[in-house]
Amino acid sequence: SRQPEDMEDLSMTMLLGDGHSRWFDKSMQLIVCPGGEAAINMEHTGTDGSVMVRLAGFLTGFEGDPREKVPEASKGKCSWREIQFHLNDDLREFVSRADGECQRMSANTSARVLLFDRFGRDSIKALSAAPDAFIQMALQLAHFDLRGFPVNTYEAVMTRQFLHGRTEAVRSVSEESVEFTRLMRGPEVPPEQKATAARKAMEEHVRRTREARDGEGVDRHLFGLCNIYRDLGTDLGIVDTPGFFETPGWLTLRRNLLSTSTSGAKGLFLAGFGTVEDEGFGVRYLAFPGSIHFNVTSRTALRGEMERFVDLLESALVEMRELLENRES
């Protein structure tokens, strides 16, 4: 791949590139730039991010001289052979259409990288707060500052402790999070009341995360029922759409205007995905001991709003830490 010019260009190169030298039909691609930057681009249908994190940790887990860790049996020379494709006119036209679609998709996607280095997960833990809940509430506060209201927020949680388990969804917006953002921007609200609201919101997020991780979430169950109706409803004798799937609550739940995800950070510097809604943001973050790396995406038309959101997120992180620190002292 070509050499990226900056962090945003690096993010876009690894996510989409220019569509050339990419194999998006494969379960994973290893992309390497001339300067040595490397990334794994995965097809999400068959696997989840935790699998790629495990692979990245293995690939970067060498300490000292990597050559000392390579077994004797693997020191043979690799033989590379360029694959020659024999294309007819129909295939060439198909490839050309795919190329054009990739160009349109890339042109309609923007990324902003925030390498937040004021503090990381260790400092958050020192405040007796869960790092992920802290970050999620900072995202809620930043969005409230941007648009003045909360939006349906999705966070993926692993359920791999179950046989064939993959993920469940945590919904970060709660009565507690809404109250937290309201009080943070309310007139003449004492800092002690703000701090109490922040802790209640984080505690509720931790509770929901634990519930989802333990297989007690509802998102995947309801999504499965919806797909059963869609694919097998006629065979099951269901003529009309079940009323539940036409309710405002369900329709709101299906639009993830703030789609977020995190994972372990071993072996990684950055991670990311494209926004899932035209009016929303995709937020992938990694919490390191002394820093937090965010990769935020949006449609190109929302580039300015997305830039503002990231700036507000940085401010929200600092503000929340100062708030909780002052209440601890």
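Kindly indicate the residue of the stretch 170-195 that is part of a loop (DSSP other than H, G, I, E, B) and under 23 Å from F223 (Cα atoms) and also farthest from the chain's Cα centre (by Cα) among those meeting that condition.
As a first pass, look at the stretch 170-195 and keep what is part of a loop (DSSP other than H, G, I, E, B): 172-174, 185-190.
Imposing the further condition that a residue be under 23 Å from F223 (Cα atoms) reduces the set to 172-174.
Values: S172: 14, V173: 16, S174: 20 Å.
Taking the candidates together, the pick is S174.
Of everything in the stretch 209-247 that's small (G, A, S) and in contact (Cβ under 8 Å) with a residue 24 or more places away in the chain, which residue is farthest from Y154 (Cα to Cα)? Lay out the reasoning, then the answer.
Let us first name the residues in the stretch 209-247 that are small (G, A, S), namely 212, 215, 217, 224, 233, 237, 243.
Applying the additional criterion that residues be in contact (Cβ under 8 Å) with a residue 24 or more places away in the chain yields 212, 215, 217.
Details: A212: 12, G215: 16, G217: 13 Å.
It comes out as G215.
So for the stretch 290-298 (the condition being in contact with a helix residue (DSSP H, G or I) (Cβ under 8 Å, 6 or more places away or on another chain), of a type in the set (A, V, I, L, M, F, W, C), farther than 30 Å from M105 by Cβ and at pLDDT 95 or above), does at least one residue qualify? If you could, list the steps in order and put the result at the bottom.
Of the stretch 290-298, the ones in contact with a helix residue (DSSP H, G or I) (Cβ under 8 Å, 6 or more places away or on another chain) are 290, 292, 294-298.
Checking which are of a type in the set (A, V, I, L, M, F, W, C) leaves us with 292, 294, 296.
Retained after the next criterion (residues that are farther than 30 Å from M105 by Cβ): none.
No, the conditions are met nowhere in the stretch 290-298.
Under 6 Å between Cβ atoms, at least 6 apart or on separate chains: pull out the pairs that start in the stretch 265-289 with a residue that is farther than 16 Å from M14 by Cα and end on any residue that is among the acidic types (D, E) and at pLDDT 95 or above.
Every condition considered, the pairs that remain are P289/D122.
Cβ-Cβ distance below 8 Å, separation of 6 or more or different chains: which pairs start in the stretch 93-118 with a residue that is closer than 16 Å to R22 by Cβ and end on one that is of a type in the set (V, I, T)?
A107/T300; T109/T275; T109/T297; T109/T300
Collect the residues in the stretch 170-181 that are surrounded by fewer than 23 Cβ atoms within 10 Å (Cβ to Cβ) and more than 17 Å from V283 (Cα to Cα), keeping them in residue-number order.
Within the stretch 170-181, S174, E175, E176, V178, E179 qualify.
When the residues of the stretch 201-240 are filtered to those that are among the basic types (K, R) and surrounded by fewer than 16 Cβ atoms within 10 Å (Cβ to Cβ), which remaining residue is modelled with the lowest pLDDT? Before the answer, list the steps.
First pass over the stretch 201-240, keeping only residues among the basic types (K, R): 207-208, 210, 213, 220, 230.
Pick out the ones that are also surrounded by fewer than 16 Cβ atoms within 10 Å (Cβ to Cβ) and you get 207, 210, 230.
On the way: R207: 98, R210: 97, R230: 92.
Only one residue tops the list, namely R230.
Look through V310, V276 and report the one residue that is among the hydrophobic types (A, V, I, L, M, F, W, C), touching a strand residue (DSSP E or B) at 6+ places or on another chain (Cβ under 6 Å) and over 22 Å from M158 (Cβ atoms). Full working, then the answer.
Details: V276 fails: over 22 Å from M158 (Cβ atoms).
None of the other options fit; the residue is V310.
So V51 ticks every box in (1) surrounded by 14 or more Cβ atoms within 10 Å (Cβ to Cβ); (2) under 25 Å from A98 (Cα atoms) but one. Which box is left unticked?
(2)
If you take the residues in the stretch 54-70 that are among the small types (G, A, S) and modelled with pLDDT of 70 or more, which one is surrounded by the most Cβ atoms within 10 Å (Cβ to Cβ)? Show your work before the answer.
First, pick out the residues of the stretch 54-70 that are among the small types (G, A, S): 56-57, 61, 64.
Narrowing the set further to residues that are modelled with pLDDT of 70 or more leaves 56-57, 61.
Working: A56: 22, G57: 14, G61: 11.
For the stretch 54-70, the residue satisfying everything is A56.
The values are calculated or read from the model by the stated rules, or taken from the named source; none is laboratory data. Quick caveat: nothing in here was measured; it's all calculated off a predicted structure. Heads up, the Cβs are rebuilt from the backbone with ideal geometry, glycines too, and the neighbour counts pull from every protein chain shown.
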